[in-house]
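The values are calculated or read from the model by the stated rules, or taken from the named source; none is laboratory data. The shown structure was predicted, so the numbers you read here are calculated from the model rather than taken from an experiment. Please note: Cβ atoms are built from the backbone with ideal geometry, for glycine as well, and neighbour counts cover all protein chains shown. Areas reflect the complete protein model, heavy atoms only, side chains present, ligands, DNA and RNA absent. Shrake-Rupley method; radii C 1.70, N 1.55, O 1.52, S 1.80 Å.
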Amino acid sequence: MKASTPQRYSPTAIALHWLVALLIVGTFTLGLVMTDIPGLTPTKLKYFSWHKWAGVTVLLLAALRLLWRLRTPAPAYPATMPAWQHLAAHGTHAFLYLLMFGVPLSGYFYTLAAGVPVVYFGLFQLPVLIEPDLALKPVLKAVHYWLNMGMAALVFMHVAAALKHLVVDRDGITQRMLPFSKAKEVQ
Ligand code: HEM
């Protein structure tokens, strides 16, 4: 018997997508705000801690998301969708998965290179995987910054494509990832 292709993403995939998206936007904004505060104030230190905890949470949820994605098939695209759009969508999604790991990991290793251990929610210390390294510190800081800028550009493209499918193409593709919406037949 042929396995049926789902018409929309599963409730778990949808929940993880929006939770990770919200956390990434919040962590990104907090990163820009905290690095803009001059000097070393208690507020700045508090924001740095929240930023690190939220970032580590993104890493954990990204791992869960990837595992879920590997064991649950995504709904197929409609046969009418051009091949270049398949390629663009798969490429953007693959890079977004890479950056969901790369961005928090670069921040984590930057913090360790600076000699600061990460104490998750102030409760327990996460593994110190590298020694403090003053030569590596500025490199990882730049890597964290540029991976973030790359991710911002990709998220912009991702949202623009979703809006085009929703408003211009009206092909039901965007609705497959929206909570509380009925996805249109796609095949
Ligand atoms: C989704 C996850 C993350 C996002 C979106 C993110 C985003 C950002 C952004 C936009 C900045 C400002 C960059 C700049 O203007 O120089 C920043 C800075 C920073 N991030 Fe992250 N980050 C994430 C995860 C992490 C993690 C997990 C850690 C450490 C555990 C971390 C540690 C830092 C530190 C220490 C800075 C300050 C850099 C400096 O010294 O100026 N980040 N982050």
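Some points to look at:
Yes or no, residue by residue, for (1) surrounded by fewer than 18 Cβ atoms within 10 Å (Cβ to Cβ); (2) farther than 16 Å from Lys52 by Cβ; (3) not small (Gly, Ala, Ser):
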| site | (1), (2), (3) |
| --- | --- |
| Pro104 | no, no, yes |
| Phe109 | no, no, yes |
| Ala113 | no, no, no |
| Val128 | yes, no, yes |
| Glu131 | yes, yes, yes |
| Pro138 | yes, yes, yes |
| Trp146 | yes, yes, yes |
| Met149 | yes, yes, yes |
| Phe156 | yes, yes, yes |
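- Selection status of Ala142, of a type in the set (A, V, I, L, M, F, W, C), without any contact (Cβ under 8 Å) to a residue 12 or more places away in the chain and within 24 Å of Val33 (Cβ to Cβ): yes
- All positions within region 8-31 that are of a type in the set (S, T, N, Q) and open to solvent by 50 Å² or more (accessible area, probe 1.4 Å): Thr12, Thr29
- Region 160-175 residues that are at positive phi, paired with ones that are open to solvent by 50 Å² or more (accessible area, probe 1.4 Å) and not hydrophobic (A, V, I, L, M, F, W, C) (beta carbon under 8 Å, 6 or more apart): Gly172/Lys184; Gly172/Glu185
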